[in-house]
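The values are calculated or read from the model by the stated rules, or taken from the named source; none is laboratory data. Computed from a predicted model, the values in this text were never measured in an experiment. Here the Cβ positions follow ideal geometry from the backbone for every residue, glycine too, while neighbour counts run over all protein chains shown. Note: areas computed on protein heavy atoms with side chains; ligands, DNA, RNA excluded. Shrake-Rupley method; radii C 1.70, N 1.55, O 1.52, S 1.80 Å.
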Amino acid sequence: MNPRKKVDLKLIIIGALGVGKTSLLHRYVHKTFYEDYQTTLGASILSKIIILEDTTLKLQIWDTGGQERFRSMVSTFYKGSDGCVLAFDVTDLESFEALETWRGDVLAKTIPMEQPYPMVVLGNKIDLEDRQVPQEVAQGWCKEKDIPYFEVSAKNDINVVQAFEMLASRALSRYRSILESYLTDSIKLSPEDQPKSRCC
Ligand SMILES: Nc1nc2c(ncn2[C@@H]2O[C@H](COP(=O)(O)OP(=O)(O)OP(=O)(O)O)[C@@H](O)[C@H]2O)c(=O)[nH]1
Ligand SMILES: [Mg+2]
């Protein structure tokens, strides 16, 4: 039997203040939920190992604070990331409207490749009654941008695992295709193009 391949992926979660980024991550990684709100100062990292087909994936997920004062600092974490969760709160219209800017920030800081940079949008807190963002509106925005959309609740554990695993799977497939194109390019190099040995 072939041993499983191992791949490390860096994912990030971004979105406005208090939409539930930390809660979604804690739900996904630790299967826990806290009602108390403790804003994230800057960023923190959580890890989770999952198995996807023939690959063991080590996910390093960067949780970022939604406060405006961290915005430029947070954007430095996008570099080198393999995928991103864009989160908003379905009971907070402004947090949905801000997605356009968050998405723009990420795309500006990540290198465009043949395979698009993987993202998923999570509309969180669907367990609450006072919804301000109708499902069709969020779905429509995501369809236009070709980003998968999930209605989730960190509190009631709805759709959270599915959303993160969809992102991980897309990030893995992009990682593989980038790796393949590097390998093909290096095979294509003629002997004159090969890097010269530094040895005497
Ligand atoms: N009802 C409900 N409350 C939630 C849900 N997810 C998070 N919350 C609550 O919303 C508040 C903010 O959650 P956080 O996860 O800290 O939000 P955040 O996006 O990490 O906030 P910042 O780090 O400040 O940007 C907390 O009181 C959570 O308990 C949910 O699915 N349903
Ligand atoms: Mg947080």
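Under the simplified labelling scheme, the residue 48-residue 127 pair shows an inter-label distance of 1.6 nm, with each label point 7 Å from Cα along Cα→Cβ.
How would you classify the range 79-169 from its alpha-carbon gyration tensor, with a ≥ b ≥ c the square roots of the eigenvalues: rounded for a/c under 1.5, else prolate if a/b is greater than b/c, otherwise oblate? Since a/c reaches 1.5 and a/b is larger than b/c, the shape of the range 79-169 is classed as prolate. Of the solvent-accessible surface of the chain, computed with a 1.4 Å probe over protein heavy atoms with every protein chain present, carbon and sulfur atoms account for 53 percent.
Restriction of the trypsin sites (Lys or Arg not before Pro) in the range 1-104 to DSSP coil positions whose beta-carbon has at most 11 other beta-carbons within 10 angstrom yields 31, 79.
Computed from backbone phi, the HN-Hα couplings of the range 160-169 come to 5, 4, 4, 5, 5, 6, 5, 5, 4, 5 Hz, rounded to whole numbers (Karplus: 6.51 cos²θ - 1.76 cosθ + 1.60, θ = phi - 60°; Gly and Pro given as x). For residue 40, the amide hydrogen comes within under 5 Å of the amide hydrogens of 66, counting only partners 5 or more places away or on other chains and with H modelled in the peptide plane. Under a 5 Å amide H cut-off, with hydrogens placed 1.01 Å from N, residue 124 pairs with 88, 89, 90, 152 among residues at least 5 apart or on other chains. With a simple spin-label model that places each label point 7 Å from the Cα along the Cα-to-Cβ direction, the separation between residue 72 and residue 156 comes to 4.2 nm. Given R0 = 41 Å, the distance between the Cβ atoms of residue 97 and residue 5 translates into a calculated FRET efficiency of 0.50. Around the amide H of residue 119, modelled in the peptide plane, lie the amide H atoms of 84, all under 5 Å away and 5 or more residues distant in sequence or on another chain. Expressed as a fraction of 2.2 N^0.38 Å, the value expected for a compact globular protein of N residues, the C-alpha radius of gyration of the chain is 1.14. Computed over the alpha carbons of the range 1-93, Rg followed by Dmax gives 14.7, 51 Å. Candidates 148, 164, 3 compared by Cα position along the dipole of the chain: farthest toward the positive end lies 3, with charges placed on Cβ. If a spin label sat at a point 7 angstrom from the Cα of residue 182 along the line to its beta carbon, the backbone N atoms of the range 1-35 nearer than 18 Å would be those of 5-11. Tell me the relative contact order for the range 6-187 as a rounded percent, counting alpha carbon contacts under 8 Å between residues six or more apart. Value for the range 6-187: 25 percent. How big is the antiparallel share of DSSP beta bridges in the chain, given as a percent to the nearest 5? Around 30 percent antiparallel, to the nearest 5. Could you identify which residue out of 148, 116, 134 has the top mean-square fluctuation in a GNM of the chain using Cα springs shorter than 10 Å? Of the options given, 134 has the highest mean-square fluctuation. Placing unit charges on the Cβ atoms of the charged side chains and taking the dipole of the chain about its Cα centre, the candidate lying farthest along the positive direction among 32, 178, 95 is 178.
Taking 38, 135, 67 in turn, the Gaussian network model of the chain (Cα-Cα springs below 10 Å) assigns the largest fluctuation to 38.
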